[in-house]
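Step one of this worksheet: look at the structure below.
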Amino acid sequence: GWHTAPWAGLALVIFILVTGMVILIDQQHQREIGRSQENARHELQLLSSIVTNELQSNNYQGIDSLLREWGEHDPDTIEVRLVTASGFALGHYQRSVRIHAPHTFETKIPLRYSYRGEAMLSIRMDMQPAYQHRDLLAIQLTAVIALIGVLLGLVVRSLLHRQREAALQREGDILRERALELDRANTALRDEIEQRQRAEMQLYDAKERAEVTLHSIGDAVIAADAGGRIEFLNPMAEKLTGWAGAEARGRPLAEIFCIVNEQTRDPLENPVERVLRDGRTGGLAEHTLLIARDGGETA
């Protein structure tokens, strides 16, 4: 247990330092908040005296300008307003900025020469500077903790140097073995990728040859999916049906391949439906007539 004693001592020292600095930061933050609030109350008291004098002089028109000048003078002031008990705004100023830590201070002002009775003077301020000071102290605390961590790392390295060397040696052997396995896996993966690429190229070439063949032959070819919707028309099929391949794609076969009995003019069964139902190749009945999109007929 000799090597556990330094750990316990260092942990205790770190705990005491961190706890003490956290308490110090909190106390300093509370002092900053209190100081900011006290300054705000003094400003509110001063502004209240000025507003009261203006109201006693019946200078209601200048209240709005007074509040605006007061708000623009202090960058931490977000809003200043004077509102009567009935809700009538005698003056109002508001800064269009993002508020981080708002706090409102209020005081009542009697309206001795007005039927409105009394008014509420309020100042809304941003306490962000006080919180920024706290953040600065927190950064300093983080720096101290980081420094202690570095010192602790040096101590641990000094105490466990030999053990770490042996562990690193073992880890090195394991990593080298894993690297060899990874190289073998990468080689196998590259071979598989190359095989897939060759297969895809062969499939692409076969598909291209098939499309060229279907476009070149003199027979009309229509391909449909299992739901009987058009997937492909070659040029001859486009000519006979009157439908372009792009327009026909996705439409039901019966809409493109309209066939009737040449003699009775009765509609004939969709051959794709018969193939899907019976599961074998199907042909067309005698005297079958194809009706093109423009009304043209082909036997």
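The values are calculated or read from the model by the stated rules, or taken from the named source; none is laboratory data. Keep in mind it's a predicted model, so treat the numbers as computed, not measured. Cβ atoms come from the backbone with ideal geometry, glycine included; neighbour counts cover every protein chain shown. Accessible surface areas use protein heavy atoms only, side chains included; no ligands, DNA or RNA. Shrake-Rupley method; radii C 1.70, N 1.55, O 1.52, S 1.80 Å.
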Which residues, counting only those in the stretch 91-128, are in a strand (DSSP E or B), at pLDDT below 80 and of a type in the set (S, T, N, Q)? none
Candidates ALA244, ALA285, ALA299, filtered to the one that is closer than 18 Å to LEU214 by Cα and not aromatic (Phe, Trp, Tyr): ALA244
Would you mind stating whether GLU231 is part of a strand (DSSP E or B) and open to solvent by 90 Å² or more (accessible area, probe 1.4 Å)? yes
Please go through the stretch 252-278 and give me each residue that is exposed (fewer than 14 other Cβ atoms within 10 Å of the Cβ) and either assigned to a loop (DSSP other than H, G, I, E, B) or among the polar types (S, T, N, Q) (or both), ordered by number. GLN263, THR264, ARG265, ASP266, GLU269
Result of the Cβ filter at 6 Å on the stretch 66-80, keeping first residues that are of a type in the set (Lys, Arg) and partners that are buried (at least 16 other Cβ atoms within 10 Å of the Cβ), at least 6 apart or interchain, is ARG68/TYR93
Go through LEU253, LEU240 for me and flag whichever is under 15 Å from THR298 (Cβ atoms) and at pLDDT 85 or above. LEU240
Determine if the stretch 31-39 includes at least one residue that is surrounded by 13 or more Cβ atoms within 10 Å (Cβ to Cβ), of a type in the set (Val, Ile, Thr) and at pLDDT below 80. yes
I'd like to check something: does the stretch 162-183 contain any residue that is out of contact with any strand residue (DSSP E or B) (no Cβ under 9 Å at 6 or more places or on another chain), surrounded by 13 or more Cβ atoms within 10 Å (Cβ to Cβ) and not in a loop (DSSP other than H, G, I, E, B)? yes
Can we say LEU55 is at pLDDT 80 or above and either within 11 Å of SER122 (Cα to Cα) or part of a helix (DSSP H, G or I) (or both)? no
Test SER48 against the criterion of being modelled with pLDDT of 80 or more, of a type in the set (S, T, N, Q) and surrounded by 13 or more Cβ atoms within 10 Å (Cβ to Cβ), and give yes or no. yes
Given (1) at pLDDT 80 or above; (2) open to solvent by 60 Å² or more (accessible area, probe 1.4 Å), where does VAL22 come up short, assuming only one miss? (1)
Which members of the stretch 157-195 meet the condition of being under 41 Å from the mean Cα position of the chain (by Cα) and among the acidic types (Asp, Glu)? GLU171, GLU177, GLU181, ASP183, ASP191, GLU192, GLU194
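Matching residues to (1) surrounded by 13 or more Cβ atoms within 10 Å (Cβ to Cβ); (2) under 46 Å from the mean Cα position of the chain (by Cα); (3) assigned to a helix (DSSP H, G or I):
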residue	(1), (2), (3)
GLN197	no, yes, yes
LEU203	no, yes, yes
ASP219	no, no, no
ALA246	no, yes, yes
GLY250	no, yes, no
Is there a residue being open to solvent by less than 60 Å² (accessible area, probe 1.4 Å) and in a helix (DSSP H, G or I) anywhere in the stretch 72-90? no
